[in-house]
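Just below is one structure, and these are the notes that go with it.
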Amino acid sequence: MTEPQADISMPEPLLADVAFKANTGFLSVTLGDYDITVTGTGSKVAAIGPLTVTIEGGGEYTAIGRLDTDGDGGPPFGLILMDEFAP
């Protein structure tokens, strides 16, 4: 996660070396607007995103990276966002 429209080539990732289908558990982050970008391990090239999200106080949010398996010719990867307990 970075500030919206930030260059992802410099900051360290919030999560690194996450295996496909792995569950990272919940992370605590400061309130505000963020871009979620997913890259391959060791890469600074976006495979998914950036997608801007707003984190509000008291909310619980889930982001799921996915493969496009429906064969509709869309991007090969995508992101599902859920705000389970948004204020």
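The values are calculated or read from the model by the stated rules, or taken from the named source; none is laboratory data. In this text the structure is predicted, and so the values were computed from the model without any measurement. Quick reminder, even Gly has a Cβ in these numbers, built from the backbone with ideal geometry, and neighbours come from all protein chains shown. The area values use the complete protein model at the heavy-atom level, side chains included, leaving out ligands, DNA and RNA. Shrake-Rupley method; radii C 1.70, N 1.55, O 1.52, S 1.80 Å.
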Subject >> √(5λ) per eigenvalue of the Cα gyration tensor, the chain, largest first, Å >> reply: 21, 17, 13
Original post:
Hey, what's segment 1-77 come to in accessible area per residue, 1.4 Å probe, Å²?
Top reply: 75
Original post:
Roughly how much of residue 38 is accessible, in Å² to the nearest 10, using a 1.4 Å probe?
Top reply: 50
**OP:** Work out how much length residue 17 to residue 66 would gain on full extension: take 0.36 nm times their residue separation and subtract the Cα-Cα distance, in nm to one decimal.
**Re:** 16.0 nm
Subject >> Among 50, 13, 76, residue whose mean-square fluctuation peaks in a GNM of the chain (springs only between Cα atoms under 10 Å) >> reply: 76
**OP:** Go through segment 34-39 residue by residue and turn each phi into a ³J(HN,Hα) via Karplus (6.51, -1.76, 1.60, θ = phi - 60°); whole Hz please, and just put x for glycine and proline.
**Re:** 9, 9, 9, 10, 10, 10
**OP:** Leaving ligands, DNA and RNA out of it, report the carbon-plus-sulfur percent of the accessible area of segment 1-67 at a 1.4 Å probe.
**Re:** 55
Original post:
Where in segment 1-68 are there trypsin sites (Lys or Arg not before Pro) that are in a DSSP coil and have at most 15 other Cβ atoms within 10 angstrom of their Cβ?
Top reply: 21, 44
